[in-house]
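Quick notes on the structure that follows.
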């Protein structure tokens, strides 16, 4: 039952993170795809940093940021009466940061691939920017959205370092599948570890197959 709770909690975390990342990442990706602002390379670098930074380093600084002694942790504690560190809410924020490039970069590629001439033609016909985005850009970027959502969801499912640093191992609150596997291995319960690991392995394979089938060989290109 404990392991089932970990699976369910992990699915909740991945789903919540993916939805929130979609709301935050789509506008950011649109700006990155079309902006000529001199600060764009800096924003791109910041967005991509989780790809190269060790999860424990990110987790360490997030743990300090989420502490009640920091401005963010104190604000959250004043607002909700609970801490961000070692909480599900804290894990959602940490997961959003850690999976951000997996949402943003496929969307940047998708938005950049939409022919600017089509958007200009639609504008000359009287379409508003909202109509152009909703009726033209979104349908043409559908594959990018599928890739971004699948990769973000799958990446969040497999998180370990961030989970351990920011959330710890609190049953029913922050104990995710990766932590459960680690705990089973530590106690030499390899049979249970095989079951959980095999489930993650199968899920990862299916997720990648979904991306490749939908988008082809270039789907995982993150640059």
Please give the number of the condition residue 140 fails out of (1) out of contact with any helix residue (DSSP H, G or I) (no Cβ under 8 Å at 6 or more places or on another chain); (2) within 26 Å of residue 96 (Cα to Cα).
(1)
Residue count for segment 51-82, restricted to those that are assigned to a helix (DSSP H, G or I) and farther than 25 Å from residue 110 by Cβ
22
Among the listed residues 85, 48, identify the single one that is outside any helix (DSSP H, G or I), in contact (Cβ under 8 Å) with a residue 12 or more places away in the chain and closer than 23 Å to residue 13 by Cβ.
85
Looking at segment 1-36 only, could you name the residues that are over 19 Å from residue 100 (Cβ atoms) and not in a helix (DSSP H, G or I)?
1, 36
Within the bounds of segment 17-27, is there any residue that is at pLDDT 95 or above, closer than 17 Å to residue 174 by Cα and either within 14 Å of the chain's Cα centre (by Cα) or surrounded by 15 or more Cβ atoms within 10 Å (Cβ to Cβ) (or both)?
yes
Please determine whether any residue of segment 112-123 is assigned to a loop (DSSP other than H, G, I, E, B) and modelled with pLDDT under 90.
yes
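The values are calculated or read from the model by the stated rules, or taken from the named source; none is laboratory data. Keep in mind that this is a model prediction, so the values were computed, not measured. Neighbour counts are summed over all protein chains in view; Cβ atoms, including those assigned to glycine, are modelled from backbone coordinates with ideal geometry.
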